[in-house]
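A short write-up of the structure that comes next.
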Amino acid sequence: MARFTNDYRGVAARPNVEFVERRDASGALVMAFFVGKYPILKGQELLVSYGKGFWKARASAQQSDDECQQATEQPLLLLPP
């Protein structure tokens, strides 16, 4: 299910679900959804807050990707054999 869940920013005013860590009967840590006070209707998108840490890491990764792209766009100097 998490794969089909998106960040709410740009889509809705607030998330309609949140990720919650829980333990199963054996004590193993599992991820669960918590639905708020409004029901999720059939076909409605599941929206969470990815959190500031996600967006900060993504911005940093994008900056690194951009720097790599710029480096590969530099012309290569070919020397004779």
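The values are calculated or read from the model by the stated rules, or taken from the named source; none is laboratory data. Owing to the predicted nature of the structure, the values given are computational and were not obtained by experimental measurement. Neighbour counts are summed over all protein chains in view; Cβ atoms, including those assigned to glycine, are modelled from backbone coordinates with ideal geometry. When the accessible area is computed, the model is the full protein with side chains, heavy atoms only, and any ligands, DNA or RNA have been set aside. Shrake-Rupley method; radii C 1.70, N 1.55, O 1.52, S 1.80 Å.
What the table below lists for this structure:
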quantity: Every pair of residues 6+ apart whose Cβ atoms lie under 8 Å, when the first sits in the stretch 42-70 and is under 14 Å from ASN16 (Cβ atoms) while the second is at pLDDT below 85 and among the hydrophobic types (A, V, I, L, M, F, W, C); calculated: LEU46/MET1; LEU46/PHE4; LEU46/PHE33; VAL48/PHE19
quantity: Total residues in the stretch 16-38, condition in a loop (DSSP other than H, G, I, E, B) and open to solvent by 50 Å² or more (accessible area, probe 1.4 Å); calculated: 5
